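The values are calculated or read from the model by the stated rules, or taken from the named source; none is laboratory data. Note that the structure is predicted; figures quoted are calculated from it, not measured. Don't worry about glycine lacking a Cβ; one is built from the backbone with ideal geometry, like all the others, and counts go over all protein chains shown.
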Amino acid sequence: MNKKTNPDKIAKTLFFAAAGISFLLSNYLWFSGNEQQGIFVGLWVPSLCAAGTLFLSGRRDG
């Protein structure tokens, strides 16, 4: 097992989980009558995905 891939998998999982939780929270807020808060939280989803991509692509070996 390659030890360098393990932190990358953890980081990918954390960013994906954060985006998923943000999406679910956004839907909850929207359908509970807080439309503006739902939109605000919904904007976090692409931001978290972009941050994860930037963080993980910036890593270089050696």
Name the pairs: first residue in region 20-32 and surrounded by fewer than 16 Cβ atoms within 10 Å (Cβ to Cβ), second residue at pLDDT below 95 and hydroxyl-bearing (S, T, Y), Cβ to Cβ under 7 Å, at least 6 apart or on different chains? none
Before we move on, is L56 assigned to a helix (DSSP H, G or I), of a type in the set (A, V, I, L, M) and at pLDDT 90 or above? no
Taking region 21-56 as the search range and keeping residues that are of a type in the set (S, T, N, Q) and within 15 Å of the chain's Cα centre (by Cα), which one is nearest to P7 (Cα to Cα)? T53
For region 6-41, name all the residues that are polar (S, T, N, Q) and either under 28 Å from L56 (Cβ atoms) or in contact with a Cys (Cβ under 9 Å, 6 or more places away or on another chain) (or both). N6, T13, S22, S26, N27
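With L29, L24, L14 as the choices, which residue is assigned to a helix (DSSP H, G or I) and modelled with pLDDT under 95? Before you say what the answer is, go through the steps one by one.
On the way: L29 fails: modelled with pLDDT under 95; L24 fails: modelled with pLDDT under 95.
None of the others qualify; the one that does is L14.
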